[in-house]
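**Student:** The structure follows.
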Amino acid sequence: QVQLVESGGGLVQAGGSLRLSCAASERAISSNTMGWFRQAPGKEREFVAAITRSPGSTDYADSVKGRFIISRDNVKNTLSLQMNSLKPEDTAVYYCAAGPFGISRLNTRYNYWGQGTQVTVSS
């Protein structure tokens, strides 16, 4: 059973940066496609970014492209999301996810989920 634990969320002013981390049990990071999703109050969970197992191809939602960077450390078994130039509309609970399929924006393609970490961006 893969376990994922997110950290790094918090309160930041618009234009600031945060770095989210996801610690995984076993070898989940190196053996799965990994993704970040987010869910704002009253909205559906949406795709943010994903990275494949190897060679590490990435995909980003248009709303975060050029501002967010997803990366993976297979040795430390961690997934990261560097978030720059944050906007109030980035406010949400951010979830780390792992799945055995290829890169996907669909949350149904991910089997394992963390508990989420809150990111709040003030204007």
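**Student:** Which of Val48, Ala92, Ser71 sits farthest toward the positive end of the charge dipole of segment 24-120, with +1 on the Cβ of Lys and Arg and -1 on the Cβ of Asp and Glu?
**Tutor:** Farthest towards the positive end: Ser71.
**Student:** Right, another one. Under 18 Å between alpha carbons, and skipping anything fewer than 8 positions from Lys65 in its own chain: which aspartates and glutamates qualify?
**Tutor:** The reachable aspartates and glutamates, counting only those whose Cα sits under 18 Å from Lys65, are Glu46, Glu89, Asp90.
**Student:** Can you sort Lys76, Lys65 by 1.4 Å-probe accessible area, starting with the largest?
**Tutor:** Correct descending sequence by accessible area is Lys76, Lys65.
**Student:** Name the residue from Gly10, Gln39, Leu81 whose Cα lies farthest towards the positive end of the charge dipole of the chain, charges +1 on Cβ of Lys and Arg and -1 on Cβ of Asp and Glu.
**Tutor:** Looking along the dipole axis, the top candidate is Leu81.
**Student:** What is the distance in Å between the Cα centroid of segment 64-104 and that of segment 23-47?
**Tutor:** Segment 64-104 and segment 23-47 have Cα centres separated by 8 Å.
**Student:** Roughly what would the spin-label model give for Val5 and Val75, points 7 Å off Cα along C-beta, in nm?
**Tutor:** 2.2
**Student:** Could I ask something else about it? Could you give the size of the charge dipole of the chain about its Cα centre, using +1 on the Cβ of each K and R and -1 on the Cβ of each D and E, expressed in debye and rounded to the nearest 20?
**Tutor:** Approximately 160 debye in magnitude.
The values are calculated or read from the model by the stated rules, or taken from the named source; none is laboratory data. If you're wondering where the values come from, they're calculated on a predicted model, not measured in any experiment. Here Cβ is always computed from backbone atoms with ideal geometry, including for glycine, and neighbour counts include all displayed protein chains. Note: accessible area is taken over every heavy atom of the protein model, side chains too, but ligands, DNA and RNA are not part of it. Shrake-Rupley method; radii C 1.70, N 1.55, O 1.52, S 1.80 Å.
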